[in-house]
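Visitor: Take this structure, written in structure tokens, and hold onto it; I'll ask about it next.
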């Protein structure tokens, strides 16, 4: 493991930095990022600014959950 931190390229079998794959990270990163982006853009459209306070961030989180729930019901792309 120490070799990986010293020189990740040499530690790789292929001789280059490997992509670990999203399944090993335990999340669907691209879907989560998309959901977060859409929620922030919806907040910005509604309030004409980006979220700044903890309350506004909570509102974005609620928006993201609502968007995700609607997508799940419609059998679209959603995050578990």
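Visitor: For the range 54-80, enumerate the residues that are in contact (Cβ under 8 Å) with a residue 24 or more places away in the chain and not in a helix (DSSP H, G or I).
Guide: Within the range 54-80, 77, 78, 79, 80 qualify.
Visitor: Given (1) in contact with a helix residue (DSSP H, G or I) (Cβ under 6 Å, 6 or more places away or on another chain); (2) at pLDDT below 80; (3) in a loop (DSSP other than H, G, I, E, B), identify the lone condition not met by residue 51.
Guide: Every condition holds for residue 51 apart from (2).
The values are calculated or read from the model by the stated rules, or taken from the named source; none is laboratory data. The shown structure was predicted, so the numbers you read here are calculated from the model rather than taken from an experiment. Ideal geometry is used to build each Cβ from the backbone, glycine not excepted, and the neighbour counts take in all protein chains shown.
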